[in-house]
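Working notes, beginning with the structure itself.
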Amino acid sequence: MRKASIPVFAGGLKSAVTAGLVAAAFAAVAPSAVAAWEPTKPVEFVIPAGTGGGADQMARFIQGVVIKHNMMKQPLIVVNKSGGAGAEGFLAVKDAKGDPHKIIITLSNLFTTPLATGVPFNWKDMTPVSMMALDQFVLWVNAEAPYKNAKDYIAAVKAAGPSKMKMGGTGSKQEDQILTVGIEKATGTKFIYIPFKGGGEVAVQLVGKHIDSSVNNPIEAVAQWRAGKLRALCVFDADRMPYKTKVTDTQSWNDIPTCKESGVPADYVMLRGIFMAPGVTKDQTDYYVSLLKKVRDTPEWKEFMEKGAFNQSAMSGADYVKWLEKAEQQHKTLMQEAGFIAKK
């Protein structure tokens, strides 16, 4: 019978035993010393907007994917903090310095809210994690309205006269109203802008004919579009949306022309990004960067992106910060042109 070989250590048995003890001790402490950070209690996922809108839907979808695939050991708890055009949510994260158990999904009110309200907040007061996507804006009308394209609708707005037609949107002095002002300047029109708490409510109001149009994100109106209650006139982006699967009986997202194609020279896309509190560590930030990449790699996310017709731009780290710096300046210019910046 062949005997198992015994390793020989230089320096004899004493050295071998010592080496073994040292190795065992190192093995015992090494995992905890080099283990990556992960949450040790429930994580609060803040939404600085109302229920039913694009940010709310995306945050809850991320929560669902994380739960389904068991990506976190701790619960991910979604909380809406929409007060003050989202300032409530931003300030809650800003004030949670060093707390890695609080994250927030952002939209472009990240830039517009402090400019419009004067609230003491800037995106640099938080820690950037990842851009999840960019959201589109579509010009919608009721399906029973006579307008078949954006050119017809704008002609009708002009014919009705200044401040006769109602444009519905989420919030005041935020993305929807900024885009509405952009449409007015590009086309020589003037709307009555009607603010609502969330994109879901905007879609319902348009179905009910309480407003004449909206600039809702695709995901906020897709159910009503699919049901034949709303008509999509154009998308406010440089290119058509790439998704060619039919959503309605006759149209895919790709069938919707750009607004520029339709004689309305305006475009605007909106951030869907994730931030953490200030003062967190790189390991803690990296945990969420990795987690969110896992979410984006799932088939459910890809399906969600197509359903909501998102621009699938994603980034983190220095690229994300550079994008944020540029977007901040763009929004400052847009807000100044619209006269929406709070007076000091």
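Quick rundown of the values:
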quantity	calculated
Subset of the stretch 26-50 [at pLDDT below 95, surrounded by 17 or more Cβ atoms within 10 Å (Cβ to Cβ) and farther than 16 Å from Leu271 by Cβ]	Gly50
Residue within the stretch 62-73 that is within 17 Å of the chain's Cα centre (by Cα), crowded, with 16+ Cβ neighbours inside 10 Å and without any contact (Cβ under 8 Å) to a residue 24 or more places away in the chain present	yes
Sole exception among (1) more than 20 Å from Asn311 (Cα to Cα); (2) surrounded by 21 or more Cβ atoms within 10 Å (Cβ to Cβ) for Glu220, by number	(1)
Qualifying positions in the stretch 244-286 - farther than 27 Å from Thr189 by Cβ, surrounded by 18 or more Cβ atoms within 10 Å (Cβ to Cβ) and hydroxyl-bearing (Ser, Thr, Tyr)	Thr285
Every residue from the stretch 264-307 that is closer than 29 Å to Ile178 by Cα, in a loop (DSSP other than H, G, I, E, B) and out of contact with any Cys (no Cβ under 9 Å at 6 or more places or on another chain)	Tyr268, Val269, Ala277, Pro278
Verdict on Glu261 being out of contact with any Leu (no Cβ under 6 Å at 6 or more places or on another chain), under 30 Å from Lys102 (Cα atoms) and in contact (Cβ under 8 Å) with a residue 24 or more places away in the chain	no
Condition check for Met131: in the same structural domain as Ala309 (by TED's automatic domain parsing), touching a helix residue (DSSP H, G or I) at 6+ places or on another chain (Cβ under 6 Å), within 26 Å of Lys307 (Cα to Cα) and part of a strand (DSSP E or B)	yes
Tabulated pairs, the stretch 162-191, first under 23 Å from Thr117 (Cβ atoms), second in a helix (DSSP H, G or I) and of a type in the set (Asp, Glu), C-beta under 7 angstrom, 6+ apart or interchain	Gly169/Asp176; Thr170/Asp176; Phe191/Glu184
Residue match in the stretch 108-116 (condition: modelled with pLDDT of 95 or more and of a type in the set (A, V, I, L, M))	no
Among (1) of a type outside the set (S, T, N, Q); (2) surrounded by 13 or more Cβ atoms within 10 Å (Cβ to Cβ); (3) not in a helix (DSSP H, G or I), the one test that Lys332 misses	(3)
Flag for Gly98 being surrounded by fewer than 22 Cβ atoms within 10 Å (Cβ to Cβ), at pLDDT 95 or above and either out of contact with any Leu (no Cβ under 7 Å at 6 or more places or on another chain) or among the β-branched types (Val, Ile, Thr) (or both)	yes
Residues being among the basic types (Lys, Arg) and assigned to a loop (DSSP other than H, G, I, E, B) - total across the stretch 134-174	3
Selection from the stretch 148-162 of residues that are of a type in the set (Gly, Ala, Ser) and touching a Gly at 6+ places or on another chain (Cβ under 7 Å)	Ala150
Where a residue in the stretch 286-297 is in the same structural domain as Met276 (by TED's automatic domain parsing) and its partner, wherever it lies, is part of a helix (DSSP H, G or I), with Cβ under 7 Å and at least six apart	Val295/Ile62; Val295/Val65; Val295/Val66; Val295/Trp301
Residue list for the stretch 144-178, filter: at pLDDT 95 or above and hydrophobic (A, V, I, L, M, F, W, C)	Ala145, Ala150, Ile154, Ala155, Ala156, Val157, Ala159, Ala160, Met165, Met167
Within the stretch 177-195, considering residues that are assigned to a helix (DSSP H, G or I) and charged (D, E, K, R), the one nearest to Ala160 (Cα to Cα)	Glu184
Restricting the stretch 136-150 to residues that are out of contact with any Leu (no Cβ under 7 Å at 6 or more places or on another chain) and crowded, with 24+ Cβ neighbours inside 10 Å, the residue that is nearest to Ala277 (Cα to Cα)	Gln136
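The values are calculated or read from the model by the stated rules, or taken from the named source; none is laboratory data. Values in this document were obtained by computation on a predicted structure and should not be read as measured data. Virtual Cβ from ideal backbone geometry, glycine too; neighbours counted across all protein chains shown.
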